[in-house]
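Note sheet for the following structure.
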Amino acid sequence: MRIIRYRYHDHVDWGVLVGDVVHALVVSPYEDAAPGPPLYPLDSVALLAPCQPTKIVAVGRNYAAHAAELGNVVPEEPIIFLKPPSAIIGPEQAIVWPAASARVDYEGELAAVIGRRCQASAPPEAMHAILGYTCGNDVTARDLQQRGGPWSRAKGYDTFCPLGPWIETDLDPADLRIVTRVAGQVRQDARTSLMVYSVGELISFISHIMTLEPGDVVLTGTPAGVGPLVVDATVEIEIEGLGLLRNPVVRAAARPSAS
Ligand code: ZN
(Lines give C-alpha, C1' and ligand atoms only; values in the text may rest on other atoms or scores of the structure.)
Protein backbone atom coordinates (compact mmCIF):
# COMPACT_ATOMS: atom_id res chain seq x y z
CA MET A 1 0.00 0.00 0.00
CA ARG A 2 1.17 3.52 -0.79
CA ILE A 3 0.37 6.00 1.97
CA ILE A 4 0.51 9.68 1.02
CA ARG A 5 -0.04 13.09 2.55
CA TYR A 6 -1.44 15.58 0.12
CA ARG A 7 -2.90 19.03 -0.32
CA TYR A 8 -6.02 19.55 -2.41
CA HIS A 9 -6.73 23.28 -2.52
CA ASP A 10 -6.77 24.17 1.19
CA HIS A 11 -7.36 20.65 2.38
CA VAL A 12 -4.40 18.64 3.78
CA ASP A 13 -4.92 14.99 4.57
CA TRP A 14 -3.61 11.46 4.52
CA GLY A 15 -4.55 9.24 1.63
CA VAL A 16 -3.82 5.96 -0.09
CA LEU A 17 -2.64 5.92 -3.68
CA VAL A 18 -4.21 3.19 -5.80
CA GLY A 19 -2.84 3.45 -9.34
CA ASP A 20 -3.23 7.14 -10.18
CA VAL A 21 -6.16 7.72 -7.86
CA VAL A 22 -6.05 9.16 -4.35
CA HIS A 23 -8.32 7.27 -1.98
CA ALA A 24 -9.32 8.29 1.53
CA LEU A 25 -7.34 6.67 4.32
CA VAL A 26 -9.48 4.69 6.73
CA VAL A 27 -8.31 5.39 10.31
CA SER A 28 -4.74 6.67 10.79
CA PRO A 29 -1.72 5.34 8.91
CA TYR A 30 -0.48 3.90 12.21
CA GLU A 31 -3.54 1.74 12.98
CA ASP A 32 -4.54 -0.82 10.38
CA ALA A 33 -4.66 1.66 7.53
CA ALA A 34 -6.80 0.67 4.55
CA PRO A 35 -7.95 2.44 1.38
CA GLY A 36 -11.36 4.07 1.60
CA PRO A 37 -13.44 5.59 -1.23
CA PRO A 38 -11.70 7.17 -4.27
CA LEU A 39 -11.39 10.97 -4.06
CA TYR A 40 -9.13 12.65 -6.64
CA PRO A 41 -6.81 11.90 -9.55
CA LEU A 42 -3.18 12.02 -8.43
CA ASP A 43 -2.36 14.92 -10.77
CA SER A 44 -4.93 17.15 -9.07
CA VAL A 45 -3.21 17.05 -5.65
CA ALA A 46 0.18 18.22 -4.38
CA LEU A 47 2.08 15.48 -2.59
CA LEU A 48 3.57 16.49 0.76
CA ALA A 49 6.27 14.75 2.78
CA PRO A 50 4.50 11.50 3.78
CA CYS A 51 5.02 11.73 7.55
CA GLN A 52 5.39 14.25 10.39
CA PRO A 53 8.11 12.84 12.65
CA THR A 54 9.03 13.92 16.17
CA LYS A 55 12.62 13.33 15.05
CA ILE A 56 14.72 12.22 12.11
CA VAL A 57 17.55 9.90 13.10
CA ALA A 58 20.22 9.65 10.43
CA VAL A 59 23.09 7.22 10.14
CA GLY A 60 26.58 8.13 8.96
CA ARG A 61 29.08 5.93 7.10
CA ASN A 62 26.78 2.95 6.62
CA TYR A 63 28.19 2.02 3.20
CA ALA A 64 31.90 1.09 3.17
CA ALA A 65 32.59 2.65 -0.23
CA HIS A 66 31.06 5.96 0.89
CA ALA A 67 33.05 6.00 4.15
CA ALA A 68 36.21 5.46 2.07
CA GLU A 69 35.44 8.23 -0.45
CA LEU A 70 35.40 10.79 2.37
CA GLY A 71 38.55 9.31 3.95
CA ASN A 72 36.71 7.62 6.84
CA VAL A 73 36.82 4.06 8.17
CA VAL A 74 33.72 1.93 8.70
CA PRO A 75 32.61 2.53 12.29
CA GLU A 76 32.55 -0.24 14.93
CA GLU A 77 29.05 0.88 15.91
CA PRO A 78 26.52 2.90 13.89
CA ILE A 79 27.19 6.66 13.92
CA ILE A 80 23.88 8.45 14.45
CA PHE A 81 22.83 12.08 14.41
CA LEU A 82 19.57 14.03 14.37
CA LYS A 83 18.09 16.23 11.68
CA PRO A 84 15.33 18.62 12.80
CA PRO A 85 11.75 18.06 11.57
CA SER A 86 11.84 21.70 10.39
CA ALA A 87 14.23 20.55 7.61
CA ILE A 88 11.55 18.39 5.96
CA ILE A 89 10.17 19.23 2.54
CA GLY A 90 8.05 17.15 0.19
CA PRO A 91 8.33 16.21 -3.48
CA GLU A 92 8.96 19.09 -5.92
CA GLN A 93 9.63 21.57 -3.11
CA ALA A 94 12.87 23.52 -3.41
CA ILE A 95 16.09 22.79 -1.54
CA VAL A 96 17.47 26.20 -0.57
CA TRP A 97 21.26 26.54 -0.85
CA PRO A 98 22.28 28.66 2.16
CA ALA A 99 24.52 31.66 1.61
CA ALA A 100 26.92 30.41 4.32
CA SER A 101 27.95 27.35 2.30
CA ALA A 102 30.03 26.97 -0.85
CA ARG A 103 29.30 23.26 -1.20
CA VAL A 104 25.93 21.61 -0.60
CA ASP A 105 25.78 17.86 -1.31
CA TYR A 106 23.00 15.39 -2.03
CA GLU A 107 22.91 12.09 -0.12
CA GLY A 108 20.34 9.66 -1.51
CA GLU A 109 19.08 7.36 1.25
CA LEU A 110 16.46 4.74 2.01
CA ALA A 111 14.21 6.20 4.74
CA ALA A 112 12.36 3.89 7.14
CA VAL A 113 9.18 5.31 8.68
CA ILE A 114 8.23 3.98 12.12
CA GLY A 115 4.66 2.75 12.58
CA ARG A 116 4.67 1.57 16.19
CA ARG A 117 6.49 2.82 19.27
CA CYS A 118 9.87 1.09 19.40
CA GLN A 119 11.97 0.98 22.55
CA ALA A 120 14.95 -1.31 23.30
CA SER A 121 13.89 -3.72 20.56
CA ALA A 122 15.89 -6.59 19.10
CA PRO A 123 16.34 -6.40 15.29
CA PRO A 124 13.39 -8.69 14.36
CA GLU A 125 11.06 -6.73 16.65
CA ALA A 126 12.47 -3.45 15.31
CA MET A 127 11.57 -4.55 11.77
CA HIS A 128 7.97 -5.10 12.91
CA ALA A 129 7.85 -1.51 14.18
CA ILE A 130 8.39 -0.15 10.64
CA LEU A 131 5.33 1.13 8.79
CA GLY A 132 7.13 1.36 5.45
CA TYR A 133 9.77 3.12 3.41
CA THR A 134 10.24 6.28 1.42
CA CYS A 135 13.07 8.04 -0.43
CA GLY A 136 15.17 10.52 1.54
CA ASN A 137 17.84 13.07 0.72
CA ASP A 138 20.21 13.88 3.60
CA VAL A 139 21.25 17.23 2.17
CA THR A 140 24.55 18.36 3.71
CA ALA A 141 26.59 21.57 3.63
CA ARG A 142 29.83 19.62 3.21
CA ASP A 143 32.17 22.53 3.81
CA LEU A 144 30.45 23.38 7.08
CA GLN A 145 30.49 19.71 8.12
CA GLN A 146 34.21 19.43 7.41
CA ARG A 147 34.99 22.35 9.72
CA GLY A 148 34.32 19.85 12.52
CA GLY A 149 32.05 19.92 15.53
CA PRO A 150 28.47 18.64 15.65
CA TRP A 151 26.72 18.26 12.32
CA SER A 152 23.52 20.04 13.41
CA ARG A 153 24.32 23.09 11.33
CA ALA A 154 25.67 21.32 8.23
CA LYS A 155 22.69 18.95 8.05
CA GLY A 156 20.02 21.00 9.80
CA TYR A 157 19.17 23.88 7.47
CA ASP A 158 15.54 24.36 6.49
CA THR A 159 14.77 22.26 3.36
CA PHE A 160 17.72 19.87 3.98
CA CYS A 161 15.49 16.81 4.40
CA PRO A 162 13.38 16.04 1.32
CA LEU A 163 11.14 12.97 1.87
CA GLY A 164 8.71 11.22 -0.46
CA PRO A 165 6.89 10.60 -2.66
CA TRP A 166 4.93 8.17 -0.40
CA ILE A 167 5.33 5.44 2.20
CA GLU A 168 5.41 2.00 0.59
CA THR A 169 4.30 -0.50 3.21
CA ASP A 170 4.99 -3.71 1.26
CA LEU A 171 8.71 -3.65 0.61
CA ASP A 172 11.70 -5.74 1.66
CA PRO A 173 14.56 -3.24 2.18
CA ALA A 174 17.37 -5.82 1.99
CA ASP A 175 18.44 -5.41 -1.64
CA LEU A 176 17.00 -2.40 -3.47
CA ARG A 177 18.69 -0.35 -6.17
CA ILE A 178 19.17 3.29 -5.16
CA VAL A 179 20.02 5.89 -7.80
CA THR A 180 20.68 9.63 -7.43
CA ARG A 181 20.62 11.97 -10.43
CA VAL A 182 21.54 15.64 -10.60
CA ALA A 183 20.37 17.50 -13.71
CA GLY A 184 19.54 14.08 -15.18
CA GLN A 185 23.06 12.66 -14.68
CA VAL A 186 23.55 9.57 -12.51
CA ARG A 187 25.75 10.35 -9.48
CA GLN A 188 24.97 7.44 -7.14
CA ASP A 189 23.97 3.93 -8.23
CA ALA A 190 24.18 1.26 -5.55
CA ARG A 191 22.16 -1.36 -3.70
CA THR A 192 20.92 -1.37 -0.12
CA SER A 193 22.51 -4.82 0.25
CA LEU A 194 25.82 -2.91 0.60
CA MET A 195 24.78 -1.41 3.95
CA VAL A 196 27.22 -2.12 6.78
CA TYR A 197 24.40 -2.36 9.35
CA SER A 198 21.01 -3.64 8.17
CA VAL A 199 17.80 -1.67 8.66
CA GLY A 200 16.81 -3.96 11.55
CA GLU A 201 20.22 -3.59 13.22
CA LEU A 202 20.09 0.21 12.88
CA ILE A 203 16.61 0.60 14.32
CA SER A 204 17.39 -1.82 17.14
CA PHE A 205 20.58 0.14 17.97
CA ILE A 206 18.73 3.48 17.92
CA SER A 207 15.82 2.11 19.98
CA HIS A 208 18.20 1.27 22.82
CA ILE A 209 19.12 4.99 22.95
CA MET A 210 15.87 6.84 22.21
CA THR A 211 12.27 5.71 21.89
CA LEU A 212 11.12 5.81 18.27
CA GLU A 213 7.56 7.08 17.89
CA PRO A 214 5.06 6.51 15.06
CA GLY A 215 6.01 8.76 12.15
CA ASP A 216 9.69 9.02 13.13
CA VAL A 217 12.15 8.61 10.27
CA VAL A 218 15.42 6.71 10.18
CA LEU A 219 17.71 7.70 7.29
CA THR A 220 19.86 4.63 6.71
CA GLY A 221 23.00 6.20 5.23
CA THR A 222 24.14 7.09 1.74
CA PRO A 223 26.12 4.95 -0.71
CA ALA A 224 29.24 6.05 -2.61
CA GLY A 225 29.11 8.88 -5.11
CA VAL A 226 28.23 11.89 -2.98
CA GLY A 227 28.89 15.25 -4.56
CA PRO A 228 27.55 18.75 -4.92
CA LEU A 229 24.09 19.83 -5.94
CA VAL A 230 23.70 22.40 -8.71
CA VAL A 231 21.71 25.60 -8.31
CA ASP A 232 18.70 25.75 -10.67
CA ALA A 233 18.98 22.00 -11.42
CA THR A 234 16.85 19.21 -9.96
CA VAL A 235 18.01 16.27 -7.84
CA GLU A 236 16.23 12.92 -8.00
CA ILE A 237 16.46 10.01 -5.58
CA GLU A 238 14.96 6.84 -7.08
CA ILE A 239 14.67 3.60 -5.11
CA GLU A 240 13.53 0.33 -6.61
CA GLY A 241 9.93 -0.41 -5.62
CA LEU A 242 9.53 3.01 -4.07
CA GLY A 243 9.36 5.58 -6.81
CA LEU A 244 11.15 8.85 -7.27
CA LEU A 245 11.70 11.93 -5.11
CA ARG A 246 12.51 15.05 -7.12
CA ASN A 247 13.45 18.50 -5.81
CA PRO A 248 14.75 21.64 -7.51
CA VAL A 249 17.66 23.53 -5.94
CA VAL A 250 17.54 27.29 -5.55
CA ARG A 251 19.91 29.83 -4.07
CA ALA A 252 18.83 31.54 -0.87
CA ALA A 253 17.41 34.98 -1.53
CA ALA A 254 19.86 37.69 -0.52
CA ARG A 255 18.89 39.20 2.80
CA PRO A 256 18.20 42.90 2.74
CA SER A 257 21.12 44.63 4.43
CA ALA A 258 20.47 46.19 7.82
CA SER A 259 20.11 49.92 7.69
ZN1 ZN B 1 23.51 10.77 5.18
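The values are calculated or read from the model by the stated rules, or taken from the named source; none is laboratory data. Please read these numbers as outputs of a predicted model, since none were measured by experiment. Here Cβ is always computed from backbone atoms with ideal geometry, including for glycine, and neighbour counts include all displayed protein chains.
Quick grid of which residues meet (1) modelled with pLDDT of 95 or more; (2) among the hydroxyl-bearing types (Ser, Thr, Tyr); (3) in contact with a strand residue (DSSP E or B) (Cβ under 6 Å, 6 or more places away or on another chain); (4) surrounded by fewer than 24 Cβ atoms within 10 Å (Cβ to Cβ):
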{"position": "ALA141", "(1), (2), (3), (4)": "yes, no, yes, yes"}
{"position": "GLY164", "(1), (2), (3), (4)": "yes, no, yes, no"}
{"position": "GLY184", "(1), (2), (3), (4)": "yes, no, no, yes"}
{"position": "THR192", "(1), (2), (3), (4)": "yes, yes, yes, no"}
{"position": "LEU212", "(1), (2), (3), (4)": "yes, no, yes, no"}
{"position": "GLY215", "(1), (2), (3), (4)": "yes, no, no, yes"}
{"position": "VAL231", "(1), (2), (3), (4)": "yes, no, yes, yes"}
Completion exercise
Output for Cβ contacts, cut-off 9 Å, separation at least six or different chains, first residue farther than 30 Å from PRO173 by Cβ and in a strand (DSSP E or B) in region 242-255, second of a type in the set (Asp, Glu) and modelled with pLDDT of 95 or more, reads VAL250/ASP232; ARG251/ASP232
Problem - Scope region 51-75; condition farther than 17 Å from GLY108 by Cβ and of a type outside the set (A, V, I, L, M); matching residues - result: CYS51, GLN52, PRO53, THR54, LYS55, GLY71, ASN72, PRO75
Handout entry: Breaking point among (1) out of contact with any strand residue (DSSP E or B) (no Cβ under 8 Å at 6 or more places or on another chain); (2) surrounded by fewer than 17 Cβ atoms within 10 Å (Cβ to Cβ), for VAL250
Key = (1)
Practice task
Assess whether VAL27 counts as being β-branched (Val, Ile, Thr), on the phi > 0 side of the Ramachandran plot and surrounded by fewer than 20 Cβ atoms within 10 Å (Cβ to Cβ).
Solution key: yes
Problem - Leading residue by the ranking (surrounded by the fewest Cβ atoms within 10 Å (Cβ to Cβ)) among those in region 125-137 that are of a type outside the set (D, E, K, R) and in a helix (DSSP H, G or I) - result: HIS128
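Table: residues versus (1) surrounded by 22 or more Cβ atoms within 10 Å (Cβ to Cβ); (2) within 22 Å of ASP232 (Cβ to Cβ).
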{"position": "ASP170", "(1), (2)": "no, no"}
{"position": "ASP175", "(1), (2)": "no, no"}
{"position": "ARG187", "(1), (2)": "no, yes"}
{"position": "ILE203", "(1), (2)": "yes, no"}
{"position": "HIS208", "(1), (2)": "no, no"}
Practice task
Counting only residues that are over 20 Å from PRO123 (Cα atoms) and more than 15 Å from the ligand (Cβ to nearest atom), give me the strands (runs of 3 or more DSSP E) lying completely in region 138-238 with at least 1 of them.
Solution key: 161-168, 177-182, 185-191
Practice task
Taking TRP97 as meeting all but one of (1) surrounded by fewer than 22 Cβ atoms within 10 Å (Cβ to Cβ); (2) farther than 24 Å from ILE167 by Cα; (3) among the aromatic types (Phe, Trp, Tyr), write down the number of the exception.
Solution key: (1)
Completion exercise
Within region 128-166, the residues that are within 18 Å of GLY200 (Cβ to Cβ) and β-branched (Val, Ile, Thr) are ILE130, THR134
Handout entry: Filtered residue count, region 53-69, keeping only those that are within 14 Å of the ligand (Cβ to nearest atom) and either of a type in the set (Lys, Arg) or crowded, with 19+ Cβ neighbours inside 10 Å (or both)
Key = 10
Problem - Residue match in region 104-114 (condition: touching a residue at least 60 places away in the same chain (Cβ under 8 Å), more than 16 Å from the ligand (Cβ to nearest atom) and either assigned to a helix (DSSP H, G or I) or surrounded by 18 or more Cβ atoms within 10 Å (Cβ to Cβ) (or both)) - result: yes
Handout entry: Per-region count, region 6-17, residues in contact with a Lys or Arg (Cβ under 8 Å, 6 or more places away or on another chain) and surrounded by fewer than 17 Cβ atoms within 10 Å (Cβ to Cβ)
Key = 2
Exercise for the section: Report yes if ASN72 is polar (S, T, N, Q), within 15 Å of the ligand (Cβ to nearest atom) and free of Cβ contacts under 8 Å to residues at least 60 places away in the same chain, otherwise no. Expected result: yes
Problem - Tally of residues being touching a residue at least 12 places away in the same chain (Cβ under 8 Å) and either β-branched (Val, Ile, Thr) or within 16 Å of the ligand (Cβ to nearest atom) (or both) across region 1-52 - result: 8
